[in-house]
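One structure below.
The values are calculated or read from the model by the stated rules, or taken from the named source; none is laboratory data. Everything numeric here is computed off the predicted structure, so don't read it as measured data. Please note: Cβ atoms are built from the backbone with ideal geometry, for glycine as well, and neighbour counts cover all protein chains shown. These accessible areas exclude ligands, DNA and RNA; they are computed on the full protein's heavy atoms, side chains included. Shrake-Rupley method; radii C 1.70, N 1.55, O 1.52, S 1.80 Å.
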Amino acid sequence: MKAIVTVIGEDRVGIIAGVCVDLAAFNVNVLDISQTVMQGYFTMMMVVDVSNATCPVAELAQKLDEKGKEMNLSIRLQREEIFQAMHRV
Amino acid sequence: MLDFKDILATQDMIDKRHLDIRTITMGISLLDCAHEDVNECARRIYDKITRRAENLVKVGQDIEWEFGIPIVNKRISVTPIALVGNACKTDSYVPLAIAMDKAAKECGVNFIGGFSALVQKGCTKGDWILMDSIPEAMQATELVCSSVNVGSTKAGINMDAVAKMGGIIKKTAELTADNDGLGCGKLVVFANAVEDNPFMAGAFHGVGEPECELNVGVSGPGVVYHALQSVKGQPFDVVAETIKKTAFRITRMGQMVGVEAGKRLNMPFGIVDLSLAPTPAVGDSVARILEEMGLEVCGTHGTTAALALLNDAVKKGGVMASNHVGGLSGAFIPVSEDEGMIAAAQSGVLTLDKLEAMTCVCSVGLDMIAVPGDTSAATISAIIADEAAIGMVNSKTTAVRIIPAPGKTVGDMVEMGGLLGSAPVMPVHPESAVDFIARGGRIPAPLQSLKN
């Protein structure tokens with residue numbers, strides 16, 4: 001089962017590291033990363049595999065949301081199907 | 001591979017344009033709860049609802065987190081209580097409403113619909129008892145919604161029931177006068193009511209429906225409004241196309257959530273209701289969409305045409321996005337629940353007569369409208385009869401949800417609070433329809449050919 005992680009916030013040292021450490025702790029495998037800086041904002045999208053995650057996806061999304069608040073970023077994990085449904089026929 | 005742009009576009013719709021799943025509504029059959037003792041019947045109703053809907057809210061919340069899409073309301077609809085209660089040896093179904101209310105609170109949902117009767121052709125003993133129980137039931141409960149279907153294209157209009165409901169609405173307003181007649185916000189009178197509607201106050205679980213199913217209502221006036229801002233001044237072909245594309249995306253999301261929720265709750269997914277349902281929040285208004293098309297204020301000349309286009313384009317876009325479409329499916333125009341409608345009504349541009357014309361081309365009808373507290377029961381019945389006639393002749397659902405706010409006059413505001421919003425009191429015609437309503441009987445079903 002794949003999910004998309006999006007991270008948006010002010011650019012600074014250690015954003016990718018911080019998010020990846022958390023994902024690894026829940027046994028979530030990162031499949032792809034792309035990132036850019038848009039109007040001074042760090043914007044990252046990761047495709048991750050949550051099939052073997054050590055907690056339910058809903059819980060994982062909540063934990064990342066909390067982590068984002070700690071780091072003053074928006075971190076969102078959403079199952080990929082929502083984007084497929086809306087943007088692919 | 002997904003495009004970064006698409007992902008950000010979805011998140012933007014959710015964060016800034018109020019995109020959400022408006023409701024997941026579990027329909028539950030209560031036909032097997034009938035019993036001649038009303039208290040035993042109430043106990044069975046409570047047990048069945050709490051058993052079936054035990055996990056509804058939890059599943060909804062899990063899906064919200066997993067997919068990152070808000071599901072604003074989790075609700076329950078049940079078999080029309082007049083059918084379930086008919087076997088009871090009693091003269092009041094209020095205990096059944098109280099059982100529904102308790103069960104809804106136990107499950108954590110925010111509304112339960114189905115304190116209803118279907119009387120388009122005539123009334124059974126149970127139907128009369130139900131209608132008589134409505135005012136007290138609306139007073140004694142918080143979450144119970146009530147509806148009565150008084151007409152249909154096949155049966156005509158039951159004018160005895162129309163006459164009755166004018167008085168019931170007045171009495172409901174009086175019993176809930178402390179809250180500006182709040183009870184009437186949870187009471188709707190239909191023609192051509194649908195059996196799988198997930199939206200309140202009119203949701204009930206029809207007799208043609210399965211034991212249990214999950215219906216979904218999507219929304220997104222804010223998303224449509226935003227999309228139209230990018231095609232300013234362009235021809236209506238472009239407007240229609242833009243709305244269709246937006247509706248398609250919104251509906252696909254609803255379909256996905258409905259199927260997923262049904263699977264987790266171990267029940268069939270029923271339908272997606274393709275409605276544009278506004279909320280009182282700024283940026284989530286149907287009226288503002290109509291104004292974006294080029295009208296200075298919603299309610300002026302051109303409003304009916306704009307609404308007709310919007311309603312049709314939403315359906316065309318949505319219908320391909322879902323494998324089962326149902327419910328009311330169209331644009332809603334509830335005055336109190338739409339920031340733009342409230343403003344238009346306050347300015348005096350949007351009148352009851354214009355709203356009636358608008359209901360000819362869109363979903364539902366005169367919805368969440370406040371009228372002066374001294375409006376007579378006969379006048380309310382006459383308003384219901386007019387709406388029912390529009391529904392009957394045009395083979396569509398119409399409804400009246402009207403609040404004769406006790407002690408209020410034209411220009412006052414009625415505060416319903418929360419989801420139901422607030423509405424300015426609108427004027428009604430003072431001339432009497434008493435003799436018209438006093439006739440009773442039935443208006444025959446209309447001819448379905450020779451249409452002109």
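Things to note:
- The residues B:Asp386, B:Asp374, sorted by heavy-atom accessible surface at 1.4 Å with ligands and nucleic acids left out, run B:Asp374, B:Asp386 from largest to smallest.
- Centroid-to-centroid, using Cα positions, the range B:325-354 and the range B:49-81 are 27 Å apart.
- Surface composition of the range B:217-443: carbon and sulfur atoms hold 56% of the protein heavy-atom accessible area at a 1.4 Å probe.
- Across the range B:217-443 the C-alpha pair distances fall into 10 Å bins from zero in the proportions 8, 31, 33, 19, 8, 0 percent.
- Helix screen, chain B: DSSP H segments with Cα axial length of 18 Å or more and mean Kyte-Doolittle hydropathy at least 0.0 are B:94-107, B:159-175, B:303-319, B:377-394.
- Debye-sum result for the protein assembly as shown in log10 I(q)/I(0), which assumes one identical scatterer on each alpha carbon, at q = 0.07, 0.08 Å⁻¹: -0.41, -0.53
- Counting only trypsin sites (Lys or Arg not before Pro) that DSSP places in a loop and that have at most 11 other Cβ atoms within 10 Å, the longest clean stretch of chain A runs over A:13-87.
- Spin-label model distance (nm) - B:Leu8 vs B:Ser395, 7 Å beyond Cα toward Cβ: 4.8
- Ratio Rg/Rh, restricted to chain B and using Cα atoms, in which Rh is the Kirkwood radius: 0.95
- Pairs from B:Lys121/B:Lys396; B:Lys74/B:Lys170; B:Lys245/B:Lys316; B:Lys154/B:Lys451; B:Lys121/B:Lys315; B:Lys102/B:Lys125 whose Cα-Cα separation, in the structure shown, is over 19 Å: B:Lys74/B:Lys170; B:Lys121/B:Lys315; B:Lys102/B:Lys125
- Gained length - B:Val282 relative to B:Ala177, 0.36 nm times residue gap less alpha-carbon distance: 35.0 nm
- Residue-normalised accessible area of the range A:2-87, expressed per residue, 1.4 Å probe, Å²: 47
- Counting, for every residue in A:41-50, the Cβ atoms of other protein chains within 10 Å of its Cβ and taking the mean gives 1.
- 5 Å-binned pair-distance histogram of chain A (Cα, whole percent): 3, 14, 26, 25, 18, 10, 3, 0
- Relative contact order (%) - criterion: Cα under 8 Å, at least six apart; region: the range B:348-427: 36
- Amide hydrogen proximity for B:Gly156: with H placed 1.01 Å from N in the peptide plane, the residues at 5 or more positions away or on another chain lying under 5 Å are B:Ala445.
- In the range B:19-127 the Cα-Cα distances spread across 5 Å bins starting at 0 as 2, 13, 22, 20, 15, 11, 8, 5, 3, 1 percent of all pairs.
- Comparing the full protein assembly with the isolated chain (1.4 Å probe, heavy atoms, ligands and nucleic acids excluded), the residues of the range A:71-88 losing at least 40 square angstrom of accessible area are A:Arg76, A:Gln78, A:Arg79, A:Ile82, A:Phe83, A:Ala85, A:Met86, A:His87, A:Arg88.
- Helical content alone sets the calculated 222 nm signal of chain B at -13500 deg cm²/dmol, taking -39,500 (n - 2.57) per DSSP H segment of four or more residues and averaging over every residue.
- Ignoring the sites themselves, chain B has its longest run without trypsin sites (Lys or Arg not before Pro) in a DSSP loop having at most 13 other Cβ atoms within 10 Å at B:233-438.
- Sequence-distant contacts, meaning Cα pairs under 8 Å at least 6 residues apart, place the relative contact order of the range B:217-443 at 19 percent.
- Within the range B:52-74, the residues that become at least 20 Å² less accessible when every protein chain is included than when their own chain is isolated (1.4 Å probe; DNA, RNA and ligands ignored) are B:Trp65, B:Glu66, B:Phe67, B:Gly68.
- Taking both sides together, the accessible area buried where A meets B is about 2600 Å² for a 1.4 Å probe.
- Nitroxide proxy distance, nm - points 7 Å out along Cα→Cβ at B:His324 and B:Glu241: 3.4
- For chain B, the solvent-accessible area works out to 36 Å² per residue, with a probe of 1.4 Å and every protein chain left in place.
- Using C-alpha pairs under 8 Å with a sequence gap of at least 6, the mean separation divided by the residue count of chain B gives a relative contact order of 17 percent.
- Candidate cross-link partners of B:Lys232 among the aspartates and glutamates, defined by an alpha-carbon separation under 18 Å and a same-chain spacing of 8 or more, comprise B:Glu241, B:Glu291, B:Glu292, B:Glu296.
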